[in-house]
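A short write-up of the structure that comes next.
The values are calculated or read from the model by the stated rules, or taken from the named source; none is laboratory data. As the structure is a computational prediction, the values presented were derived from the model and not from experiment. Note that we place each Cβ from the backbone using ideal geometry, even for glycine, and neighbour counts take in every protein chain shown.
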Amino acid sequence: MFVVKEKFRDSITGYDYKMGSIYPYEKVTVSKERIKELSTENNKLKKIMIEEKKLEDLSEDQVIEYSKIIGVDIRETLINAINNIENDSSNSNNNSKK
């Protein structure tokens, strides 16, 4: 995935990207040529506009943004995780009382 280094308006989609946002802003296939154009200085602005990042290197806000782009229901995922932790905790407490 890619993170925006410099704010810009995408000449193809017209979307305004802010520094630090995920590129692309929706789940679409972007050509290798377009990625190369934006990730090098070989574009109209002569600046590197995006950089590739690993999921582990994203900020919390970027992970949330990326999750929304790919269609992950963050709320449901977190509720399930919290319920599992709470259930494990109460099971551990019940087992230690025996």
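Any idea which residue in the stretch 25-72 is farthest from residue 11 (Cα to Cα), counting only those that are part of a loop (DSSP other than H, G, I, E, B), small (Gly, Ala, Ser) and out of contact with any Lys or Arg (no Cβ under 8 Å at 6 or more places or on another chain)? For the stretch 25-72, the residue satisfying everything is 59.
Within the stretch 75-84, can one find any residue that is among the small types (Gly, Ala, Ser), assigned to a helix (DSSP H, G or I), modelled with pLDDT under 90 and surrounded by 10 or more Cβ atoms within 10 Å (Cβ to Cβ)? No, the stretch 75-84 has no match at all.
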